[in-house]
Amino acid sequence: LVQDGMKLGLGTGSTAKHFVDLLGSRVQHGLKVLCVPTSEATRAQAAALNIPLTTLDETPRLDLTVDGADEIDPDMNLIKGGGGAHLREKIVACASRRMVVIADASKIVTTLGAFPLPIEVVSFGMEATKLHLAQVLTRHGCNTEIVMRLRPDGRNFVTDSGHWILDCHCNKIANPGKLAADLSQIPGMVAHGLFIGICSGAIIATPEGLRMMGAVT
């Protein structure tokens, strides 16, 4: 999908990392692209590979973003944020003409929600935000187990933008579009991990080969 002269969004995570590595190899062989990374980790990886980088302030419109996902439903709705970069990932994806996900078959689900839904929050008033969040989840029939994401050393995980993450173990999300809209009304909520109507297509690795979902090309 990547063509010479494109402006690209570079995803974050274990799967997107492979894409960035392969892109770096093509750049070495003469491919001309300009890229916006979705995290500081991806920025460092791309810079080490001599991939030309820019920012959305300098280049606010992109041709294509390639990223991974934690869950993908049949309507191309996603849960993202397992790596804690979903705020920047969503900003970059929405600045792109299209977003394509690369993933393996384990990420395909009938209904979103088995993977914990990440909610990026500001630290101020976090307990009030958490209570409001539980009320919204209850209205949507979701499990209300909400866990603060921690680093391996036991301290709160802090995103590249300086926020905390609450992981919501919803179990099942019956109406992801409506939940996304309701979550967006919570004061203190910076970004939720539901990507609704953002992803245009997905390339899925299965034991039988590649499977295309949605509008990939």
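The values are calculated or read from the model by the stated rules, or taken from the named source; none is laboratory data. Everything numeric in this text was worked out from a predicted model, so none of it was measured. Counting neighbours? That spans all protein chains shown, and the Cβs are built from the backbone with ideal geometry, glycine included. Only protein heavy atoms, including side chains, enter the accessible area calculation; ligands, DNA and RNA are left aside. Shrake-Rupley method; radii C 1.70, N 1.55, O 1.52, S 1.80 Å.
Projecting the Cα positions of Ala215, Met189, Gly154 onto the charge dipole of the stretch 137-217 (unit charges on Cβ atoms of Lys, Arg, Asp and Glu, taken about the Cα centre) puts Met189 furthest along the positive direction.
Give me the dipole magnitude in Debye, nearest 20, for the chain about the Cα centre, with unit charges on the beta carbon: positive for Lys and Arg, negative for Asp and Glu.
That gives the chain a dipole magnitude of about 200 debye.
The lysines within cross-link reach of Lys32, meaning a Cα-to-Cα straight distance under 30 Å and a gap of 8 or more places when in the same chain, are Lys7, Lys17, Lys80, Lys90.
Dividing the summed helix terms, -39500 (n - 2.57) for each DSSP H run of n ≥ 4, by the number of residues in the chain produces a 222 nm estimate of -7500 deg cm²/dmol to the nearest 500.
Shown for the chain: cysteine residues without a partner Cβ closer than 4.7 Å, namely Cys35, Cys94, Cys168, Cys199.
Residues whose amide H lies under 5 Å from that of Leu150, counting only those 5 or more places away or on a different chain, are Phe157; hydrogens are built 1.01 Å from N in the peptide plane. For the stretch 7-77, a crude dipole built from +1 on the beta carbon of Lys and Arg and -1 on the beta carbon of Asp and Glu, taken about the Cα centre, is about 500 debye to the nearest 20. Computed over protein heavy atoms with a 1.4 Å probe, the carbon and sulfur contribution to the accessible area of the chain reaches 54%.
Normalised per residue, the accessible area of the stretch 139-217 is 53 Å², obtained with a 1.4 Å probe and no contribution from ligands, DNA or RNA. Applying both filters, DSSP loop and at most 16 other Cβ atoms within 10 Å, to the trypsin sites (Lys or Arg not before Pro) of the stretch 118-217 gives Arg155, Lys172. Scalar couplings 3J(HN,Hα) for the stretch 195-212, obtained by applying the Karplus form with A = 6.51, B = -1.76, C = 1.60 to θ = phi - 60°, are 10, 10, x, 9, 7, 8, x, 9, 10, 10, 8, 10, x, 8, x, 7, 10, 9 Hz; x denotes Gly and Pro.
Separation of the stretch 26-79 and the stretch 163-217, taken as the distance between their Cα centroids, equals 18 angstrom.
The reciprocal of the average 1/r between distinct C-alpha atoms defines the Kirkwood hydrodynamic radius, which for the stretch 92-166 equals 14.9 Å. DSSP beta bridges fully contained in the chain are about 55 percent antiparallel.
Count Lys and Arg as plus one, Asp and Glu as minus one, and take only other residues whose Cβ is under 13 Å from that of Asp167; the net charge is then 0. Normalised by residue count, the stretch 102-217 yields a Cα convex hull volume of 130 Å³ per residue. Two decimals is fine: what is log10 I(q)/I(0) at q = 0.09, 0.10, 0.13, 0.17 Å⁻¹ for the chain, from a Debye sum with one equal scatterer on every Cα and no solvent? Here log10 of I(q) over I(0) equals -0.35, -0.44, -0.73, -1.19.
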